[in-house]
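The values are calculated or read from the model by the stated rules, or taken from the named source; none is laboratory data. This structure is a prediction, so every number in the text was calculated from the model and none was measured. Cβ atoms come from the backbone with ideal geometry, glycine included; neighbour counts cover every protein chain shown. For the accessible areas, the whole protein counts, side chains as well, though only heavy atoms, and no ligand, DNA or RNA atoms are used. Shrake-Rupley method; radii C 1.70, N 1.55, O 1.52, S 1.80 Å.
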Amino acid sequence: MRAVDIIMKKRGNPGNPGGSELSRQEIEFLVSGYVRGEIPEYQVSAWLMSVYFNGMSFEETGLLTDVMLKSGSVIDLSGIQGPFVDKHSTGGVGDKISLPLAPIVAACGVKVPMMSGRALGHTGGTLDKLESITGYRTALSTQDFRSYIEKTGFAMTGQTAEIVPADRLLYALRDVTGTVESVPLITASILSKKVAEGADALVFDVKCGSGAFMKTREDAEKLAKSLVGTGQAMGKRVVVLITNMNEPLGRMVGNFLEIEESMDILEGKGPADTTALTNAFAAWMIVMGGKAATFDEGLALCTHAVRSGKAMELFMENVRLQGGNPEQLRAERGVRRSPHHFTLTAAQDGWIDSIDAFTAGLAGVYLGVGRNRTDEAVCPEAGLILHKKRGERISAGEPIMDVFGKNSGCLDSARALLEKAVRYTDRKPEEETLIYAEITD
Ligand code: URA
């Protein structure tokens, strides 16, 4: 077998422009060969691009997911009292929901074994956000992952050389080769992680809109169906919420900034959109874990978990267990900011019509929230603090957002993008829907 033949088979030719389906052996040859270091990145990049353009059948997507899953070992949670339920987002801007969600759900008696990813394209990554907490470790051994779940009800890890190494490598490669927005590649990436971590039931946040990889309802529904179908075929119970990603979520975008906003949510003083979504996902997870009979009962439990302080206590205990220092985190809150910054002010009077999530996310990459190359480090202190969002009144010259960069050189490009991201209107715009659809089994 040769990699180039597999690439050409998927790529197709003028007589067969859509390419052909690959067999398990062919997918395994490429993916396992890449993980072993035998197939070079340039061939895997070409194959990813042919999948991006020609897609994969439902069967091929299942095979790719299985091959990626079996590239490493699966975490065994036996011996720990369940239920185990996890959530995963398909990627957004300012989407920090996983961070407050895990301790809230754990505080309600449902265990959360969470395996997440890094910044991808213009979207942020849970692992990069967590690692902005000085000392925090996200490459956990199976033993530590199990032990932290037993102690606090949740643990946060990433793909490692042992657990889904194929996703660790492919994820980083897709990030810098323009091959992220693909239903089969996203499905296999997410589900290989989610099956490897050992959860029984999964709740997916399929983001839809400018700041998502799926820009339209039609594409978001395709991804939702792929996640439900492949997830169920792998023996998982699955719920999907399709949610609005036209504007950054909350008021903070950036790695450490989003840790701060997550702490606000855990203290019951987070922004309305982010709090509402966190509660909706938490309620579903609590219902799927069997700790509440109805969604409303689930909501009441998570409100109590926040009000009682239990969720925040678990978050801080997790920070300590995974290598961070809770006292240092508290001291840095609200003051740890990059010295390279500017304030974007309003060009006119009126209302904010929108702050485009894609453009804001892209500005974030320029600022250092994400990467341009696989070997680049992100900047923990880079990002945006939004003072105004859609539907808020603004006067010319008033601050719209504070912008923080990794260095002074990146600020001009970010400013040009952010000026374009803000749209004004002379009439208060209607509120947008936050949750478009719920798909349950
Ligand atoms: N999240 C993932 O884990 N993988 C993707 O491809 C997109 C979002």
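Looking across the range 1-45, the residues that are of a type in the set (A, V, I, L, M, F, W, C) and open to solvent by 40 Å² or more (accessible area, probe 1.4 Å) come down to 1, 4, 8, 29, 35. Among the residues that make up the range 104-112, is at least one of them away from the ligand (no atom under 15 Å from the Cβ), farther than 30 Å from residue 297 by Cα and assigned to a loop (DSSP other than H, G, I, E, B)? Looking for residues that are away from the ligand (no atom under 15 Å from the Cβ), farther than 30 Å from residue 297 by Cα and assigned to a loop (DSSP other than H, G, I, E, B), one finds none in the range 104-112, hence no.
Of all residues in the range 190-224, those satisfying the criterion of being among the basic types (Lys, Arg) and either closer than 20 Å to residue 355 by Cα or surrounded by fewer than 23 Cβ atoms within 10 Å (Cβ to Cβ) (or both) are 207, 215, 217, 222.
Considering the range 117-135, the residues that are in a loop (DSSP other than H, G, I, E, B) and open to solvent by less than 10 Å² (accessible area, probe 1.4 Å) include one that is nearest to the ligand (Cβ to nearest atom), namely 117.
Checking each residue in the range 228-278 for being charged (D, E, K, R) and under 14 Å from the mean Cα position of the chain (by Cα) picks out only 258.
Of everything listed in (1) touching a Lys or Arg at 6+ places or on another chain (Cβ under 9 Å); (2) open to solvent by less than 40 Å² (accessible area, probe 1.4 Å), the single unmet condition for residue 234 is (2). Taking first residues from the range 339-358 that are closer than 10 Å to residue 398 by Cβ and partners that are among the polar types (S, T, N, Q) and exposed (fewer than 14 other Cβ atoms within 10 Å of the Cβ), the Cβ contacts under 7 Å between residues at least 6 apart in sequence or on separate chains come to 346/395; 349/395.
When residue 247 is tested against (1) touching a strand residue (DSSP E or B) at 6+ places or on another chain (Cβ under 7 Å); (2) surrounded by fewer than 20 Cβ atoms within 10 Å (Cβ to Cβ), only condition (2) is not met. Within the range 294-304, the only residue that satisfies the criterion of being surrounded by fewer than 24 Cβ atoms within 10 Å (Cβ to Cβ) and within 19 Å of residue 84 (Cβ to Cβ) is 301.
Can you list residue pairs whose Cβ atoms sit under 6 Å apart, with the first residue in the range 110-133 being of a type in the set (A, V, I, L, M, F, W, C) and modelled with pLDDT of 95 or more and the second being within 12 Å of the ligand (Cβ to nearest atom) and in a loop (DSSP other than H, G, I, E, B)? Count only pairs 6 or more apart in sequence or on different chains. Qualifying pairs under 6 Å: 127/116; 127/118; 127/158. Only residues that are hydroxyl-bearing (Ser, Thr, Tyr) and surrounded by 15 or more Cβ atoms within 10 Å (Cβ to Cβ) were counted in the range 305-325, giving 0. A single entry from 138, 152, 142, 160 fulfils the requirement of being of a type in the set (S, T, N, Q) and within 14 Å of the ligand (Cβ to nearest atom): 138. The residue list 49, 56 contains one member that is open to solvent by 20 Å² or more (accessible area, probe 1.4 Å), within 16 Å of the ligand (Cβ to nearest atom), outside any helix (DSSP H, G or I) and on the phi < 0 side of the Ramachandran plot, which is 56.
Test residue 209 against the stated conditions and say whether it is touching a helix residue (DSSP H, G or I) at 6+ places or on another chain (Cβ under 9 Å) and away from the ligand (no atom under 16 Å from the Cβ). Considered against the rule, which asks whether it is touching a helix residue (DSSP H, G or I) at 6+ places or on another chain (Cβ under 9 Å) and away from the ligand (no atom under 16 Å from the Cβ), residue 209 comes out as no. Being over 9 Å from residue 205 (Cβ atoms) and open to solvent by 10 Å² or more (accessible area, probe 1.4 Å) is the filter; apply it to the range 80-90 and report the residue that is farthest from the ligand (Cβ to nearest atom). Looking at residues that are over 9 Å from residue 205 (Cβ atoms) and open to solvent by 10 Å² or more (accessible area, probe 1.4 Å), I get 81. Scan the range 164-183 and tell me whether some residue there is open to solvent by 10 Å² or more (accessible area, probe 1.4 Å), more than 16 Å from the ligand (Cβ to nearest atom), in contact (Cβ under 8 Å) with a residue 40 or more places away in the chain and more than 21 Å from residue 95 (Cα to Cα). So far as the range 164-183 goes, no, none of its residues is open to solvent by 10 Å² or more (accessible area, probe 1.4 Å), more than 16 Å from the ligand (Cβ to nearest atom), in contact (Cβ under 8 Å) with a residue 40 or more places away in the chain and more than 21 Å from residue 95 (Cα to Cα). Going by what's in this entry, would residue 99 be described as without any contact (Cβ under 8 Å) to a residue 60 or more places away in the chain, under 27 Å from residue 380 (Cβ atoms) and within 16 Å of the ligand (Cβ to nearest atom)? Answer is no for this residue.
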